[in-house]
Amino acid sequence: MKPWLSLILLWAVQVNAITVIDDAERQVEVEAPVERIVALAPHIVENLFAVGLGDRIVGTVQHSDYPIAAKSIPIAGGFNSLNIEAILALDPDLIVTWGTGNTDPKMNRLAQMGFPIYVSEPNTLEKIHANLLDFARLGGSQTESLNAVANFKQKLDAVPIQSGAPFTVLYQIWNDPIQTLNGEHIANEILNRCGLRNLFADAPSIAPVLSLEGVLSGNPEVIIGSGFADEQPEWLDHWRQFKQLRAVKNNALWAIHPDLLQRPTPRILDGLQRICERTHELRSRQIAYPPLP
């Protein structure tokens, strides 16, 4: 092949290449729209489906359960127990990994083998939007994909940030021991936007364990409970025995599916809307019927 022809072919590949910047501030480049994706976290799977790329996912990890179609995708291990042989057999042209969730040292081996790897760590609402846009671009920026990205932004902007003095809140993710999330988790952004102040936002660990005395001393005005399913966790009503709690006096013991506040996907906007509506109702009720001292 003549040298000038090689240069032309190289230039053509570079022109068609797709480049994005992932959440680790790394440049990720693929030569053409990706067709075979290995997605190494449930939120990644869900976000790829959201932009119309679900049929291009050839492998995932345990607990990738939404949408229903995700359950039929071959599993290549768990968060921290990847099956390298299975991933290689899937012959992916893109691997999307969860930054803090996939700590298996085998990830380094995959990187050394030259696979394009996108690190997904959407710990804010804006980063969810950015991930969706990147996935749409990596998939070839089809109209369906770009519309899904635009719809996320429109739905986010349609929920106003609530003003006024915030209500204090305990967001409880488990009961034995009592456990919450601090200000580093994306759920905290939802609470803040809805006019709620996380009493334990400054805790040093992202999922701190609390004492009963610590909760009673903080005396939250709202308690939100998330278990592992749609049903209201049984332990949420256990707080009613503490009549002095402001959350009990306010009848503000709210339940919500954990995926709607903890999984960084478009469904988190449903959680945002629900929590904001409940907060608005509580504020309106207190304006009409001020609480007794």
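Within region 90-97, can one find any residue that is under 17 Å from THR60 (Cα atoms), assigned to a helix (DSSP H, G or I) and outside the structural domain of GLU184 (by TED's automatic domain parsing)? Looking for residues that are under 17 Å from THR60 (Cα atoms), assigned to a helix (DSSP H, G or I) and outside the structural domain of GLU184 (by TED's automatic domain parsing), one finds at least one in region 90-97, hence yes. Do we find that SER72 is at pLDDT 95 or above, of a type in the set (S, T, N, Q) and outside the structural domain of ILE268 (by TED's automatic domain parsing) in this structure? So SER72 fits the description; yes. Being crowded, with 17+ Cβ neighbours inside 10 Å, out of contact with any helix residue (DSSP H, G or I) (no Cβ under 7 Å at 6 or more places or on another chain), in contact (Cβ under 8 Å) with a residue 12 or more places away in the chain and small (Gly, Ala, Ser) holds for only one residue in ALA247, ALA203, and it is ALA203.
Yes or no, residue by residue, for (1) crowded, with 21+ Cβ neighbours inside 10 Å; (2) in a strand (DSSP E or B); (3) touching a residue at least 40 places away in the same chain (Cβ under 8 Å):
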residue	(1), (2), (3)
ALA86	no, no, no
ASN102	yes, no, yes
ARG109	no, no, no
GLY114	no, no, no
HIS129	no, no, no
ALA150	no, no, no
LYS153	no, no, no
LEU156	no, no, yes
ILE173	no, yes, yes
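Run THR143 past the list (1) under 30 Å from VAL30 (Cβ atoms); (2) buried (at least 17 other Cβ atoms within 10 Å of the Cβ) and report the number of the one that doesn't hold. Evaluating THR143 over (1) under 30 Å from VAL30 (Cβ atoms); (2) buried (at least 17 other Cβ atoms within 10 Å of the Cβ) leaves (2) as the failure.
Filtering GLY195, GLY214 for residues that are touching a helix residue (DSSP H, G or I) at 6+ places or on another chain (Cβ under 6 Å), at pLDDT 95 or above, of a type in the set (Gly, Ala, Ser) and not assigned by TED's automatic domain parsing to the domain that holds LEU133 leaves a single hit, GLY195. Being in contact with a Gly (Cβ under 8 Å, 6 or more places away or on another chain) and crowded, with 22+ Cβ neighbours inside 10 Å: is that true of VAL96 here? Answer is no for this residue.
The values are calculated or read from the model by the stated rules, or taken from the named source; none is laboratory data. Values in this document were obtained by computation on a predicted structure and should not be read as measured data. With ideal geometry, Cβ positions are generated from the backbone for all residues, glycine too; neighbour counts draw on all protein chains shown.
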